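Okay, so here's the structure we're looking at.
The values are calculated or read from the model by the stated rules, or taken from the named source; none is laboratory data. All figures in this text were calculated on a predicted structure; none of them were measured in a lab. Using ideal geometry, Cβ is built from the backbone for each residue, glycine included, and neighbour counts are taken over all protein chains shown.
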Amino acid sequence: MSVRKPDRKSKPSIRFESVKLDALFEVLDAVAWLPSPSAKDISQFANIDPRTAGKILKNARLIGLVETPEDETFVLSAPYLYKGSLPQKESVVREALLRLPLVQNIKQFLGLGNDLQSSMRKAATVAGERNYDAGSIAPLVTIANRFGVLDLKLRVETLVDTAVEAKIERHTAAASTRVAFISHSSKDKTFVRQLAADLVASGVQVWLDEQRIRVGDSIPERVAQGVAESDFFLVVVSASSVDSPWVQKELNQALIHEIEKRRVRVMAVLLDRVLLPETIREKKYANFTES
């Protein structure tokens, strides 16, 4: 049987870079710590050469860990535990991989009895790749294997259940330890960075979410694990955030109910003199409009 070779004149549209995983979390830390960093800023923070930083950032963007809302700057697109432990940071990558359609399709074909190479080819074709090259997908499979994501038994729901169990155990072992999930517009990152630092200094662990959630997405689904592990869901309400699709569409009563069902208290953080969204108008809020 003949095997169709890729058109060498056309590069694959889906291409992951082959790069060591050691510096991935240094890169994600840089994006979390720095206000709208450039690739050069990230390279310096992580102490890696710019070429390697660029490859890691490309993979992180394709996986859904970072985005580039403005030219040549980066923000998080997945919740990231501020000053978290390595296992907690690994859980962020694991969840993002589990949600990646290409990985989901690979797992589906594996579940149907296809071998890995066939599953990769078929999944890429389903994703719209017309110039398939196994070498372009192989780095993603390497990352997925590193985090155990190709295990057919592993699902996002498993991670969420584990996060809830971890919170219950944490409350038993250290009743005073609390975790806050900060949901905010990337335009308010300077304020949120200071807020996160102050909370951490007070002994509160912090998940950061850059609010790059798109219209039609579900916050509980996109950030399920981070929310489930948290005690507080802090919504930073500002002139920037009230005009976003996130407030207009996503912050609805179903969302509030879903969050509170996981024993997470919702609290508004008022940054500008704007009207609070109706669904959280009756809830306690922290007023930062004057200080």
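Observations, loosely collected:
- Restricting the stretch 41-85 to residues that are β-branched (Val, Ile, Thr) and closer than 13 Å to Leu24 by Cα leaves a set whose member that is nearest to the chain's Cα centre (by Cα) is Val66.
- Flag for Ser77 being of a type in the set (S, T, N, Q), touching an Asp or Glu at 6+ places or on another chain (Cβ under 8 Å) and in the same structural domain as Leu21 (by TED's automatic domain parsing): yes
- Among the conditions (1) part of a helix (DSSP H, G or I); (2) small (Gly, Ala, Ser); (3) touching a residue at least 24 places away in the same chain (Cβ under 8 Å), Ala78 misses just one, which is (1).
- Put simply, of Ala127, Ala166, Ala174, Ala180 the only residue that is surrounded by 20 or more Cβ atoms within 10 Å (Cβ to Cβ) and not basic (Lys, Arg) is Ala180.
- Within the stretch 85-139, helices (runs of 4 or more DSSP H) holding 2 or more residues that are among the aliphatic types (A, V, I, L, M) and within 27 Å of Val227 (Cα to Cα): 86-99, 101-111
- Evaluation of Phe16 against the conditions (1) on the phi > 0 side of the Ramachandran plot; (2) crowded, with 18+ Cβ neighbours inside 10 Å shows that the sole unmet condition is (1).
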